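Chemist: Take a look at the following structure, please.
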Amino acid sequence: MPCFVMAGDLAVSSEEEFVTLLHGGGGELMEKLVKEVIVSAISRRRVGRGVGLDELCDGATIRVGNSHLVVSIDGHTIDPPFFPGGDIGRLAVAGTVNDVAVMGARPLAILDAIIVEEGFPISDLRKIVESMNATAEEAEVAIVAGDFKVMPHGKVDRITISTCGVGIVEEGSPVLDSGAKPGDKVIVSGPVGDHGIALLAAREGLSFQTDLVSDVAPIWQTIEAALRVGGVHAMKDPTRGGLAYALNEIAEKSGVSIWLDEERIPIREAVRAASEMLGLDPLEVTCEGRVVMCVDAEVAEEVLKAVRRTKYGAEAEIVGEVREERPSYVLLRTSVGGTRIVEKPLGEPIPRVC
């Protein structure tokens, strides 16, 4: 039986639940909240036969003639707004471009909503918008519309940016994170954990012997190179919850298991050292310029070569394979010869990382 405490004229149940930072961390807690509180409350969750809320993909699709319009939206509350290798403006554009791209769509346009705190320096706002423009130019997308609002001092933490991305699949079907097949090889486009650790270092004043910068970048060129070869069955960008969450999502939705080789996963020494010092698992740390893909084994080496020829795929590696047994599990063959389960994290271990 719930008990109640009096708060003024209100009776408040002690069983009342509240949102925590972990609920926004991209892990199991967020997934549970989204499904039980948000998705369950919405009745119309797709347009026609398109991909909608039920799939919980990186975006949604709308069929237009023989093409598929892909749309995605994301909010960015990163702290600090300027960090080694980028800022909230680059992150906002690149992150949304990547969410569209991992569904196999060529990014076309960005819409944005910027909310700043009263007193925010206009010089910093100008730098952020210039960064958004530079990233959009790099990704060859147009910023076509937006909104701007100001909140009283103390009512928002400096600046937040929401971006909506629009892309198109002109031939074939979108790539979903539920399409991995037994026998596929797993490719990661570069070292994991750079963004989260670089951001944490900037936030906490940590220093390393080597310069560590965020990997934040628009990765359509890398994805397009893989799609031109063919055989790409599933893709995801390992943002909140890192590689661990992304691969668990693919395994669960595809009804397969994913087996990783620890020694083949690219992780920079600075990221590995910082993770050990802080008690973090680098596989759970956010990336913002990487893609993980499950690719037909017959063309995996060709896809890898194509990806490595791109600007943001030069350090790509084949890190594992997809199997039929033990569906929904991600397993890691360790460097000492054992095997451990890579669990879906409860949430991103570094708050406000994107």
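The values are calculated or read from the model by the stated rules, or taken from the named source; none is laboratory data. Just so you know, these numbers come straight off a predicted model, no measurement behind them. All Cβ positions, even for glycine, are placed from backbone atoms using ideal geometry, and neighbour counts span all protein chains on display.
Chemist: In this structure, is Arg309 on the phi > 0 side of the Ramachandran plot, more than 20 Å from the chain's Cα centre (by Cα) and not hydrophobic (A, V, I, L, M, F, W, C)?
Modeler: no
Chemist: Could I ask something else about it? Just checking, does the stretch 32-42 include any residue being without any contact (Cβ under 8 Å) to a residue 60 or more places away in the chain and part of a loop (DSSP other than H, G, I, E, B)?
Modeler: The answer is yes; a qualifying residue exists.
Chemist: Regarding Ala306, is this residue outside the structural domain of Ala139 (by TED's automatic domain parsing) and out of contact with any helix residue (DSSP H, G or I) (no Cβ under 9 Å at 6 or more places or on another chain)?
Modeler: No.
Chemist: Could I ask something else about it? Between residues in the stretch 329-342 that are farther than 16 Å from Ser257 by Cβ and residues that are modelled with pLDDT of 90 or more and in a strand (DSSP E or B), which pairs lie under 7 Å by C-beta distance while being six or more apart or on different chains?
Modeler: Thr334/Arg340
Chemist: Within the stretch 314-333, can one find any residue that is polar (S, T, N, Q) and more than 21 Å from the chain's Cα centre (by Cα)?
Modeler: no
Chemist: Name the residue that is nearest to Ser328 (Cα to Cα), counting only residues in the stretch 173-230 that are within 16 Å of the chain's Cα centre (by Cα) and among the charged types (D, E, K, R).
Modeler: Selected residue: Asp177.
Chemist: Here are some conditions: (1) surrounded by fewer than 20 Cβ atoms within 10 Å (Cβ to Cβ); (2) over 23 Å from Asp99 (Cα atoms); (3) of a type in the set (D, E, K, R). Arg352 meets all but one. Which one does it not meet?
Modeler: (2)
Each row is one residue, and each column tells you yes or no for (1) out of contact with any Gly (no Cβ under 9 Å at 6 or more places or on another chain); (2) buried (at least 16 other Cβ atoms within 10 Å of the Cβ); (3) in a strand (DSSP E or B).
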site: Asn98; (1), (2), (3): no, yes, no
site: Ile110; (1), (2), (3): no, yes, yes
site: Ser123; (1), (2), (3): yes, no, no
site: Ile128; (1), (2), (3): no, yes, no
site: Asn133; (1), (2), (3): no, no, no
site: Glu137; (1), (2), (3): yes, no, no
site: Gly146; (1), (2), (3): yes, yes, yes
site: Gly154; (1), (2), (3): yes, no, no
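Chemist: Among (1) at pLDDT 95 or above; (2) surrounded by fewer than 20 Cβ atoms within 10 Å (Cβ to Cβ), which single condition is Val303 missing?
Modeler: Of the numbered conditions (1) at pLDDT 95 or above; (2) surrounded by fewer than 20 Cβ atoms within 10 Å (Cβ to Cβ), the odd one out for Val303 is (2).
Chemist: Within the stretch 183-202, take every residue that is surrounded by 24 or more Cβ atoms within 10 Å (Cβ to Cβ) and among the charged types (D, E, K, R) and give me the one that is farthest from Ala226 (Cα to Cα).
Modeler: Among them, the one singled out is Asp194.
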